[in-house]
Amino acid sequence: MVGVEKLTALKVTRLSKPGRYSDGNGLYLQITKALVKSWIFRYARGTGEHFMGIGPVHTVNLAEAREQARKARLLLRDGIDPLMHRAEALAKAKAVQASNRIFRDCMDEYIKSHKESWRNEKHQKQWEATLVEYACPVFGKMHVRLINTPLVLQVLEPIWKTKTETASRVRERIERVLAWATTQGFREGENPARWRGHLQELLPKPSKLKKVRHHPSLPYGHVGAFVRLLAREKGIAARALQFTILTACRTGEVIFAKWNEIDLDATVWIIPKERMKAHKEHRVPLVRDALTILERLKGLDPVWVFPGAKQNRPMSNMAMANVLERMQRSDITVHGFRSTFRTWAAERTLYPKEMPEMALAHKVGTEVEEAYRRTDLFERRRALMRDWAEWCSVVQPTQGQVQCGDAEQQTPPPGTPTSVVTPEFPGVSRAAENSPPNRSTSGAIPVHDGDSMSHDEPE
């Protein structure tokens, strides 16, 4: 039998003492110690007593609260627990909402939640750009639950054989976004972008297809002549390129260099792991000529070693490439000087193979060997970089073996013309201090393909 309703709208407004006030039929007005008023429905089921919240007074009035309590009593009459019924309805509503999530939204949320762990802003932009260019035109606006293997193949097959490295990254990124969507409850089942045991049966193995694009680089015997010409170039970008050559670092590592990473007294530059391709902190020994460049740049910007044209921003990643263009050397690349350094170390020094690889911040050996390696051979790498700087400072003869490292250096044949580049900023060769730049000379320096240190999408 339905009980008598005891509360009125006026009484609900006037009540202020904390407690529970019955309206009958299981409906109560609850007032907390903080004087917050809300409706609850009290009912017994099995051996226990349960309370179901109906809502606060300022959003649910007395009549609405009574109607919600009436519906709850009807559920109980039919043997249905009101709280369980509400939870199931909420789950269904969420499932419907989740099933309508599109790939582009999932991609954006994945990037937002993971970008802090990525190396830099450039990596984030590359991550997003590859999916926007290749995946989104196919299924960017499609419900993520509907994405299947044929759709993934529709993205990958056109670029798998021509842009293998990029295609591999696109596949991996699609896989990650779909895995994230699955954990969020937006889709079910196997990941259609997974490689092992799935796409590997449908697509050729990347290592069998991969055509490594070489970064065109100078033969190491012509670096000294190039550095002499580079020393005549004005501007911060030219100094950054000199610094890049001397340290054998990547473009991104140099242009984002900050003063708080550099210890001029200890002559070391410590690049944080967040900016390294291998996600591992890298110590770079600073040789004399590199220190000279840094000393002259101090005071230009409190944060960035190589500041850009825009205030509070580092140099553009195209600035050093523009220097090469200005020098009429668009046939070589900034990254190619890493290849030049590696080839020089292999052919002209007696340092062990892992030394230049560690200087280049490459992975050396297996993961187990990496884990057990207790040193980065910093002091030995310092000697290596001193020898490299010495090589870069001299216009080399066309013949004659020069051994560095653990062997005694052999002097060139008598009468061989050499020109040592002064470390003074901006840096000009002693032999050419009084001569105007000769563009035809730069064009005479040969070029060769560097070793395989690149991909078709540099990161």
Practice task
Test residue 189 against the stated conditions and say whether it is of a type outside the set (A, V, I, L, M, F, W, C) and under 30 Å from residue 349 (Cα atoms).
Solution key: no
Exercise for the section: Scan segment 237-285 for residues that are surrounded by fewer than 22 Cβ atoms within 10 Å (Cβ to Cβ), of a type outside the set (S, T, N, Q) and at positive phi and report the count. Expected result: 1
Practice task
May I ask you to verify whether residue 207 is modelled with pLDDT under 90, under 27 Å from residue 250 (Cα atoms) and assigned to a helix (DSSP H, G or I)?
Solution key: yes
Problem - Residue count for segment 251-273, restricted to those that are under 20 Å from residue 318 (Cβ atoms) and touching a Ser or Thr at 6+ places or on another chain (Cβ under 8 Å) - result: 3
Handout entry: Members of segment 21-40 found to be closer than 13 Å to residue 51 by Cα and either without any contact (Cβ under 8 Å) to a residue 12 or more places away in the chain or among the charged types (D, E, K, R) (or both), listed by number
Key = 30
Practice task
Go through segment 214-312 and tell me which helices (runs of 4 or more DSSP H), entirely inside it, have 3 or more residues that are under 29 Å from the mean Cα position of the chain (by Cα).
Solution key: 236-247, 251-255, 288-297
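Among the candidates 268, 323, which residue alone is assigned by TED's automatic domain parsing to the domain that holds residue 358 and out of contact with any Gly (no Cβ under 8 Å at 6 or more places or on another chain)?
One residue alone meets the criteria, 268.
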Exercise for the section: Please identify the pairs in which a residue from segment 160-176 that is under 17 Å from residue 200 (Cβ atoms) has its Cβ atom under 8 Å from the Cβ atom of a residue that is of a type in the set (D, E, K, R), counting only partners at least 6 apart or on another chain. Expected result: 164/210; 164/211; 164/456; 165/210; 165/456; 165/457; 169/457; 175/194
Handout entry: Test: residue 258 is under 16 Å from residue 358 (Cβ atoms) and among the charged types (D, E, K, R)
Key = no
Problem - Only listed residue being among the aromatic types (Phe, Trp, Tyr) and farther than 21 Å from residue 225 by Cβ, chosen from 306, 341 - result: 306
Fill in the blank from the handout: Being surrounded by 21 or more Cβ atoms within 10 Å (Cβ to Cβ), farther than 16 Å from residue 247 by Cβ, modelled with pLDDT of 90 or more and not aliphatic (A, V, I, L, M) narrows 340, 333 down to just 333
Problem - Restricting segment 322-331 to residues that are in contact with a Leu (Cβ under 9 Å, 6 or more places away or on another chain) and in a helix (DSSP H, G or I), the residue that is farthest from residue 257 (Cα to Cα) - result: 324
Exercise for the section: Evaluate segment 69-77: report whether one residue or more is closer than 30 Å to residue 185 by Cα, touching a residue at least 24 places away in the same chain (Cβ under 8 Å), not assigned by TED's automatic domain parsing to the domain that holds residue 140 and not in a loop (DSSP other than H, G, I, E, B). Expected result: yes
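This table checks each residue for (1) surrounded by fewer than 16 Cβ atoms within 10 Å (Cβ to Cβ); (2) farther than 21 Å from residue 218 by Cβ; (3) among the aliphatic types (A, V, I, L, M); (4) at pLDDT 50 or above.
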{"site": "359", "(1), (2), (3), (4)": "no, no, yes, yes"}
{"site": "362", "(1), (2), (3), (4)": "yes, no, no, yes"}
{"site": "371", "(1), (2), (3), (4)": "yes, yes, yes, yes"}
{"site": "376", "(1), (2), (3), (4)": "no, yes, no, yes"}
{"site": "379", "(1), (2), (3), (4)": "yes, yes, no, yes"}
{"site": "408", "(1), (2), (3), (4)": "yes, yes, no, no"}
Exercise for the section: Count, please, the residues in segment 49-65 that happen to be surrounded by fewer than 18 Cβ atoms within 10 Å (Cβ to Cβ) and assigned to a helix (DSSP H, G or I). Expected result: 2
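Being in a helix (DSSP H, G or I) and loosely packed, with under 12 Cβ neighbours inside 10 Å is the requirement here; does residue 89 meet it?
When the stated conditions are applied, residue 89 passes them.
The values are calculated or read from the model by the stated rules, or taken from the named source; none is laboratory data. The model shown is predicted, which means the values in this text are computed figures rather than measured ones. For neighbour counting, all protein chains shown are included, and Cβ atoms are generated from backbone atoms with ideal geometry for every residue, glycine included.
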